[in-house]
1. Among the numbered criteria (1) free of Cβ contacts under 8 Å to residues at least 24 places away in the same chain; (2) in a strand (DSSP E or B), which one does K110 miss?
2. Tally the residues that are assigned to a loop (DSSP other than H, G, I, E, B) and of a type in the set (D, E, K, R), restricting the search to segment 84-107.
3. Which residue pairs have Cβ atoms under 7 Å apart, sit 6 or more places apart or on different chains, and have a first residue in segment 15-39 that is touching a residue at least 40 places away in the same chain (Cβ under 8 Å) and a second that is assigned to a strand (DSSP E or B) and open to solvent by 60 Å² or more (accessible area, probe 1.4 Å)?
4. Are there any strands (runs of 3 or more DSSP E) wholly within segment 1-72 with 3 or more residues that are crowded, with 19+ Cβ neighbours inside 10 Å, and if so which?
5. Which one is modelled with the lowest pLDDT among residues in segment 104-117 that are more than 17 Å from E2 (Cβ to Cβ) and out of contact with any helix residue (DSSP H, G or I) (no Cβ under 6 Å at 6 or more places or on another chain)?
6. In segment 76-105, what count of residues is obtained for those that are surrounded by fewer than 17 Cβ atoms within 10 Å (Cβ to Cβ) and under 21 Å from A56 (Cβ atoms)?
Amino acid sequence: MEKILIYTDGGSRGNPGPSAIGVVINDKGYSEYIGEGTNNDAEYKAAIFALKKTKALLGKERLKEAEIELKSDSELLVKQMNGEYKIMEPRIQQCFIEIWNLKIDFGKIKFVLIPREKTAKQTN
């Protein structure tokens, strides 16, 4: 089974303020400015971008057979995706639903919390 490692990070200057995301999919990096928002918005947008990009890179057949591990330093994102935290914020609920719907096309997907220092090394 093919294993795909994804690192995601998102941040906002000012919180809320100008926001950007960074994603690494199997050692290939992507980043972009995403407009105004909060840190939590940016973390979720990074995960959404990563899953969409992975789907585009692999295609549906390989995606179903692959084992995906999405690593993030966002405790909120990881614990909400793993069902450990409730989702109270309506904006975050929408992002959660988008990720949940994207997951349908994936075979095995796991969300893993990592220390902030590790994402800084991966997304730089």
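The values are calculated or read from the model by the stated rules, or taken from the named source; none is laboratory data. These numbers come from a predicted model, not from an experiment. Counting neighbours? That spans all protein chains shown, and the Cβs are built from the backbone with ideal geometry, glycine included. Just the protein is used for accessible areas: all its heavy atoms, side chains included, with ligands, DNA and RNA removed. Shrake-Rupley method; radii C 1.70, N 1.55, O 1.52, S 1.80 Å.
1. (1)
2. 4
3. G22/S31
4. 3-12, 17-25, 67-72
5. For segment 104-117, the residue satisfying everything is E117.
6. Number of matching residues: 7.
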